[in-house]
Amino acid sequence: MSNHIAFIGVGNMGNPMAQQLVKAGKQVKVFDVSEHAIKIAKKTGLNVVNSLDDLLSNASSVISMLPEGKHVYELYLGENGILKKISKDCLIIECSTIDIETSLNVGDEAKSLGIKMIDAPVTGGVMGARVGKLNFLVGGSNDAVKLASPLLEIMGQKILHAGDQGSGVGVKICNNMSLGISMIAASEALMLAKRLKMDIKKVHKIIKEASGNNWALTNYTPLPDLTDGVPSNNKYRPGFTAAMMKKDLNLANDAATSVNASTPLGKAALKIFSDFCEEGDADTDYSGISKKIGGDAWDYPFDPKGED
């Protein structure tokens, strides 16, 4: 078997992840059903093939990065599902953020066929993908994780093994619920300081050193000119869209309902992001929620669609 990687789903995240593998000297073929994604993939020099059969021919590894659970289910278990098309020696690395049930269903079927698979959703966003500094939240057997690690280490900086198959998406759902809540909290704090006519830069600097700090406020600041390289400095062009955050908060809400867990802040965050999306900002970076929080106090550059 050749040593090439079949990469399925080369959108905002998948494209730079595949590019990291190419830069490391790996043989990578890519496929996507989106014409826009394919157009960008070709422009960025990726080796695009026209069909899954071409993609999977002699593949030693399959990496998938897809939008939702239904897409993952269709890819692996659908009428033309690829689990029955690949060799038992082929390793599956499923990086999508999806529901736990779909991850387990695909994983169980792969196991029944003797195929090793891990679920490995990521944190770090597009910026992390572009520089190979993603964190992989991994579920799967120790053997499968060991096999996948050389590829994960090319695309990321940390491999965080959470447990058996499904644990990766489980911890990702919990993480992104916390992240969505934290982004709203950071936005509320900074916009309150603005309404109080305080120096935002000083407030930001002090909170970072105090007990009110969180990851969003420090690393993905929702107001511009406070942190380098974040979407708020680029008129809130994504990044990680509000629609994707809404999707992940929905996954968290569904998971909480399934086990009768109380997540009042998670539900509140879902409502806030849902309203933001319904108001026409679904394609805005999720840090743009600060605009909704800011209301009539908002006066920052905002052009998420890039219409100058």
In degrees, nearest 10, the alpha-carbon axis of helix 242-258 is tilted away from the dominant principal axis of the alpha carbons of the chain by 80 degrees
Once the dipole of region 170-297 is set up from charges on Cβ (+1 Lys and Arg, -1 Asp and Glu), the residue from the list Val259, Ser287, Ala243 lying farthest towards its positive end is Ser287
Sorted on mean Cβ neighbours within 10 Å (highest first), peptides 269-276, 82-89 come out as 269-276, 82-89
So Arg130 and Glu74, fully extended at 0.36 nm per residue minus their Cα-Cα distance, gain in nm 17.4 nm
Taking Cα atoms only, helix 14-23 is inclined relative to the longest principal axis of the chain by an angle, in degrees rounded to 10, of 60 degrees
Rounded to the nearest 0.05, FRET efficiency between Lys305 and Lys85 (Cβ-Cβ, R0 45 Å) equals 0.70
For 238-250, 188-200, ranked highest to lowest by mean beta-carbon neighbours within 10 Å, the order is 238-250, 188-200
Most packed first (mean Cβ within 10 Å per residue), the peptides 252-259, 44-51, 296-303 order as 252-259, 44-51, 296-303
Sequence order, region 193-198: Karplus ³J(HN,Hα) from phi using 6.51 cos²θ - 1.76 cosθ + 1.60, θ = phi - 60°, Hz rounded, Gly and Pro as x, gives 4, 5, 5, 7, 6, 8
Taking Cα atoms, the helix 142-155 axis meets the longest principal axis of the chain at an angle in degrees (rounded to 10) of 60 degrees
Treating every alpha carbon of region 175-219 as one equal point scatterer without solvent, the Debye formula yields log10 I(q)/I(0) values at q = 0.17, 0.18, 0.20, 0.31 Å⁻¹ of -0.44, -0.49, -0.59, -1.14
Contour minus Cα-Cα span, Leu160 to Val259, at 0.36 nm per residue, comes to 33.2 nm
Rounded to the nearest 500, the 222 nm mean residue ellipticity computed for the chain from DSSP H runs (n ≥ 4, each -39500 (n - 2.57)) alone is -14500 deg cm²/dmol
A chain fully extended from Asp108 to Trp215 at 0.36 nm per residue, minus the present Cα-Cα distance, gains in nm 35.1 nm
Flagged as over-length at 20 Å C-alpha distance, from Lys42/Lys235; Lys84/Lys172; Lys172/Lys305; Lys208/Lys247; Lys194/Lys292, the pairs are Lys42/Lys235; Lys84/Lys172; Lys172/Lys305; Lys208/Lys247
In debye to the nearest 20, the charge dipole size for the chain, taken about the Cα centre with +1 at each Lys and Arg Cβ and -1 at each Asp and Glu Cβ, equals 860 debye
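Computed from the coordinates by the stated procedures, all read-outs in this text should not be read as laboratory data. Because the structure is predicted, anything quoted here is derived from the model rather than measured. Every residue, glycine as well, gets a Cβ built from its backbone with ideal geometry; the counts of neighbours run over all protein chains shown.
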